[in-house]
1. Where residues in region A:194-208 are free of Cβ contacts under 8 Å to residues at least 24 places away in the same chain and assigned to a loop (DSSP other than H, G, I, E, B), which of them is surrounded by the most Cβ atoms within 10 Å (Cβ to Cβ)?
2. What is the number of the single condition among (1) more than 14 Å from chain A (Cβ to nearest Cβ); (2) in contact with a Leu (Cβ under 9 Å, 6 or more places away or on another chain) that residue B:389 does not meet?
3. Checking residue A:286 against (1) more than 24 Å from residue A:110 (Cβ to Cβ); (2) of a type outside the set (Gly, Ala, Ser); (3) loosely packed, with under 14 Cβ neighbours inside 10 Å; (4) modelled with pLDDT of 90 or more, which test does it fail?
4. Can you name the condition, by its number, that residue B:350 falls short on among (1) buried (at least 23 other Cβ atoms within 10 Å of the Cβ); (2) within 14 Å of another protein chain (Cβ to nearest Cβ); (3) among the basic types (Lys, Arg)?
5. Which residues, counting only those in region B:95-138, are small (Gly, Ala, Ser) and either in contact (Cβ under 8 Å) with a residue 60 or more places away in the chain or within 13 Å of chain A (Cβ to nearest Cβ) (or both)?
6. Among the residues of region A:158-190, how many are more than 20 Å from residue A:21 (Cβ to Cβ), at pLDDT below 90 and not basic (Lys, Arg)?
7. Filter region B:355-386 down to the residues that are among the aromatic types (Phe, Trp, Tyr), away from every other protein chain (no Cβ under 14 Å) and in contact with a Lys or Arg (Cβ under 7 Å, 6 or more places away or on another chain) and list them by number.
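The values are calculated or read from the model by the stated rules, or taken from the named source; none is laboratory data. Since the model is a prediction, treat every value here as computed from it, not as a measurement. Quick reminder, even Gly has a Cβ in these numbers, built from the backbone with ideal geometry, and neighbours come from all protein chains shown.
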Amino acid sequence: MPHVLDLAECSRVSLDEIGGKARGLGRLLEQSLEVPPGFVVTTGAYREWMRANGFDGQIERLLARADGVTALQDVADDALRLLEGAELESSEIDVAYRRLPGGPSVPVAIRSSAIDEDAAGASFAGAQDTHLSITGHREVRRHIVRCWASLFTPAAISYRRRLGLDHRGHAMAVVVQRMVAAEAAGVMFSLDPLSGDPSQITVESTFGLGGALVSGDVTPDRFSVDKVTLEIRSRVISVKPFADRIVDGEVSRVELDSRRAEMSSLADDEVLALARVAKAAERQMDRAIDMEWALGPGPSGRRHLYLLQARPETVWSNTPRSTDPPETPRASTSSAMSRIAFGMRQNTNRHPETET
Amino acid sequence: MNTAVERRFPGPLEVPAPAGAEGWQSMYSPYLLFSEENAEWESSLFWYWDGMHRPDIEYPFDTIVHEAYMMSVSAVVSRIFAVPGDQAAASRVLNGRLYLADVPFAAEGESERRMPIFVRRAGHYFENWSQLNENWIAKLERLISDLTEIEIPELPTLEDDSVVLSGRGFSTGYVLLQAYDRLVQNIFLAYQYHFELLLLAYVAQMNLQDFVRATLRGLSQQTLAKLTSGVELRQFRPDEELKLLARKALDLGLGARLRAPAAPDTIIEQLRADAAGREWVAALDQAKDPWFYVSAGTGLFHNERAWIDDLSVPWAAITGYLDRLERGEIIDRPQGEILRERDHLTAEYRALLPTPEDQVAFDESLELARLVAPHLQDHNFYIEHRHHTIFWNKMRALADRVVAARLLDEQEDLFFLNRWEVGQVLFDTANSWAQTSPGRGRHWRSLVTRRREIMDALRADVPQPALGAVPKAIGGVMSAQFGITMETIDQWLAPQAERDNQLRGIAASGGVAEGPARIVLGSDEIGTVQDGDILVCPSTAPAWAPVFGKVRATVSDVGGVMCHAAILCREYGLPAVLGTGVATRHIRTGDLVRVDGNEGTVTLLARAGSH
């Protein structure tokens, strides 16, 4: 098994090798949806590097300390120091990085792709590392190690404990993708995350990179789109006082003037294009999904649509949707009648107060 | 809504008579009036103006229609089907306008006690719906044929020999009195039938809405309506007949002759001169019965004429279709497309439902709603249009007899008397004829003269949209059909300034359109509508169908997602915002407005003359 795989090769590789994020991106590419070009560094690379440096035993001992009196944060700090102290040498990674379109020092985004992250039923959203606008093969390798080290943050350790997962069997894959300098970015759900209504696609969007939205630092614009008719059913445009942008190769928070802050971060046709993608991807994956996306420079201009992540939606849909015909009996008047009676009881008991 | 100011509408007895309309109460029967006797009970209820069905001032005679339907629908709810969670509705007239109120249950737990009775009774109707609907149509055909047969005789100076030779035994004066009694009985029975199936049809619709509210919350009302649309409705048939006549005229090369600058009857005479013309006139005559028995308005009022009475309305529509055919446009109602879209939407939403149980519930609710859908339109064609066209013509004939007896000056005068007074003036007619004695002509005339003044004064008055207490909740089948929601009530209570530039209503048909507003207060103003206008009206009537080919969007004071106008707008692909409560008073003809049928808003962009 090679230690580096192109994302386009990832749709069928086991989660254990490449993690959830890489496989989600592989599935998108399989559907001919656009994803920034990139590759994944497999868990095999991590395991071999850990073994070669003799880190497994040392980590074991550190974690054992955490069971006692030492605070998790101290353990995490020590683990990070330990891993960052060693160099990752890999010509495979350097070759894959240089092959990315955009030149030999193209800026990339480096994100962890954990083997239990993004799995249906346990969304571990945002608990692991993301490094943006990284340039040069040496820096790329250094940040891959930092992603690996994020396996031992206090949050990650306690998360695994809560789920009764063994630290030893654990590993981390890392996704490296060309950076999208987003004009607008956000998330979308193939259902209404508030009501669970499967007929409504929800798109949230802000100016610039999507990090401020995911972290909750900015209230995003919010759109609902009917999944069947593809009509925009509601639009809530929020005040977005700043945008995260790439300035001189660094992510920085840029203030927006009030006129700009109150504008919609998406045009209607962009909302609909996003909704179409969510609808198609949900159909392909046969389950409700959430996705991260960005509009940035690309073949179609300054606002080319890229998908950054797709994973099963975890709150409303722990079971795949059934498209099989129901086995329960055919519709009948008597069961319709009991439904009507039930509905009338509900309506009668519902006394919404007008004063709140 | 956190204001400490008490939210309520004026009490029914607090609203003064407009200047010049003093004594308006004398026009209506005492049971229709708010009274000191029932003041406490009446002011505890929430009364809303039924501008949807009764946009104009009530002619004293025309109250017969709402007397018949309010009595019928209330009995269906409270006494026949024992609908749980729903009440009877009370009706009153104030300043010439009809107000309705849901009557709350007297006893706690009444709704629950009714449940098993309702389930059994309504279940029987849904189970046997198709058969009962067929029976209903047969009953209506019989009722209409009874109505048609009611003879309105002229009173002869001397009875014909045949009266004696056949041994008939009663006078023509008696026949005249009997005719009126039969007419009254006939229209009351028509309204008994009107709600026999209709209320349950509303229940089936609400059931689908409840299901959707629980599972597919975000579904728009328009999309929901599309799931039950496309059934071949009798409602569209008259319009379809006009299209067929336009096509036939085109095929026969009669376009120019149909457009001759003359009255339709004159043109028809000219057409009879040759074979092609005769062929077309034969097709016209064929279509007339029953498809021209459609009112140019709602059918509910004596002064709305039907196509059969005045061919100018269908004629304008036929030549309009002819223009479009000559331009190569497709004028067919896209029936196949509507059904395809319906089936496509149904399959997609169904597949989105998470469990097989949900899918079965969806199927059941949809099946029931589709089962009842044709009746929602059929009842309207049979009763408001066919039946009432004949009824009003019989009443006009009765009026002619009173005029012939010199007790009134003109036919129209009769409708300024209420139904009990009409009985009196007819007795005066038959009796003074029999006794060869003078009747009370001066008395009747002075009543009518004063009432004309009162009606004019009332018409100039802006009605209160609602009276009495603000309800905690609105849940009745009737108010739901009228599009009255807590949101509309808030809108009515909102200060003037808040609603100046934007009106909110029910998003009844999707899309956005801008254009000049055209206020149409009644069917007699339909002719003023120009291509590209935004129709703004108290409520819309289905027989305005030809207008929907001209306007860009529709706005109404009263109406809901399932009212006839909403259905027509969706089928014609026009945005509609209905139930705004105030549009005809806040918008003026010529104002530039934007109608957003997705959001349910009407925005005033510029006042007439300023753009």
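1. Kept after step one, since they are free of Cβ contacts under 8 Å to residues at least 24 places away in the same chain, are these residues of region A:194-208: A:194-195, A:197, A:202, A:204.
With the extra rule that they be assigned to a loop (DSSP other than H, G, I, E, B), the set shrinks to A:194-195, A:197.
Numbers: A:194: 14, A:195: 15, A:197: 24.
Once the filter is applied, the top-ranked residue is A:197.
2. Of (1) more than 14 Å from chain A (Cβ to nearest Cβ); (2) in contact with a Leu (Cβ under 9 Å, 6 or more places away or on another chain), only one is false for residue B:389: (2).
3. (4)
4. (1)
5. Within region B:95-138, B:96, B:101, B:109, B:111, B:122, B:123, B:130 qualify.
6. 4
7. Scanning region B:355-386 gives a single hit, B:381.
Condition check ((1) under 23 Å from residue B:584 (Cβ atoms); (2) more than 14 Å from every other protein chain (Cβ to nearest Cβ); (3) in a helix (DSSP H, G or I)) across all residues:
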| residue | (1), (2), (3) |
| --- | --- |
| B:16 | yes, yes, no |
| B:19 | yes, yes, no |
| B:22 | no, yes, no |
| B:25 | no, yes, yes |
| B:42 | no, yes, yes |
| B:55 | yes, yes, no |
| B:60 | no, yes, no |
| B:64 | no, yes, yes |
| B:68 | no, yes, yes |
